[in-house]
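Have a look at the structure below, then the notes.
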Amino acid sequence: MSFSFKGIDHIQLAAPKGCEEAARKFYGEQLGLKEIPKPENLQKRGGCWFICGNQEIHIGVQEGFLPAKKAHPGFIVENLEDLRSSLQEQKIAIKEEPPIEGRQRFFVDDPFGNRIEFLEYMT
């Protein structure tokens, strides 16, 4: 085989129609991610995009939307406890899960009920 994978370009999270304001508040204001413009030919579909490190997060409108309760992105964070404190101050519920050796982690739900994991590797 002559091909090889180089990484992940983006993740797509589904949300209901009219999600943009809540997505911008959560991903942009509360998490501090920078919104990036969607390509003009995709703008009529709704949703919005954010940059996270070298990857993108695409919030896309899905008809008949149901939140992902098990499937989830896992975001690597520097200073995880600072993020935890910030989210708690903003009254965002933190969900604890059993630890994984070598990393700290916790989960939250985005405004649409999608499960989101934040983790930090311990050195």
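The values are calculated or read from the model by the stated rules, or taken from the named source; none is laboratory data. Given the structure is predicted, the values throughout are model-derived calculations rather than measurements. Here the Cβ is made from the backbone with ideal geometry for all residues, glycine too, and neighbour counts use every protein chain on show.
The table that follows gives values for the structure above.
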{"quantity": "Residue in the range 19-27 that is modelled with pLDDT of 95 or more, crowded, with 17+ Cβ neighbours inside 10 Å and closer than 19 Å to PHE106 by Cα present", "calculated": "yes"}
{"quantity": "Hits in the range 68-95 (condition: surrounded by fewer than 17 Cβ atoms within 10 Å (Cβ to Cβ) and in contact with a Phe, Trp or Tyr (Cβ under 6 Å, 6 or more places away or on another chain))", "calculated": "ILE94, LYS95"}
{"quantity": "Residue selected from the range 29-84 under the condition in contact with a helix residue (DSSP H, G or I) (Cβ under 6 Å, 6 or more places away or on another chain) and free of Cβ contacts under 8 Å to residues at least 40 places away in the same chain, by the criterion farthest from GLN104 (Cα to Cα)", "calculated": "CYS48"}
{"quantity": "Residue within the range 20-33 that is within 23 Å of PHE65 (Cα to Cα) and of a type in the set (Asp, Glu) present", "calculated": "yes"}
{"quantity": "Filtered residue count, the range 74-123, keeping only those that are on the phi < 0 side of the Ramachandran plot and in a loop (DSSP other than H, G, I, E, B)", "calculated": "17"}
{"quantity": "Residues of the range 1-45 satisfying the condition of being within 19 Å of the chain's Cα centre (by Cα) and in a loop (DSSP other than H, G, I, E, B)", "calculated": "GLY7, ILE8, ASP9, PRO16, LYS17, GLY18, CYS19, LEU31, GLY32, LEU33, PRO37, LYS38"}
{"quantity": "Of residues in the range 96-118 being buried (at least 17 other Cβ atoms within 10 Å of the Cβ) and of a type in the set (A, V, I, L, M, F, W, C), the one nearest to the chain's Cα centre (by Cα)", "calculated": "ILE116"}
{"quantity": "Test: residue in the range 95-117 that is polar (S, T, N, Q) and closer than 17 Å to GLY32 by Cβ", "calculated": "no"}
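Residue by residue, here is whether (1) out of contact with any His (no Cβ under 9 Å at 6 or more places or on another chain); (2) at pLDDT 95 or above holds:
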site: PHE65; (1), (2): yes, yes
site: LYS69; (1), (2): yes, no
site: ARG84; (1), (2): yes, yes
site: ILE92; (1), (2): yes, yes
site: GLY102; (1), (2): yes, yes
site: ILE116; (1), (2): no, yes
site: LEU119; (1), (2): yes, yes
site: THR123; (1), (2): yes, no
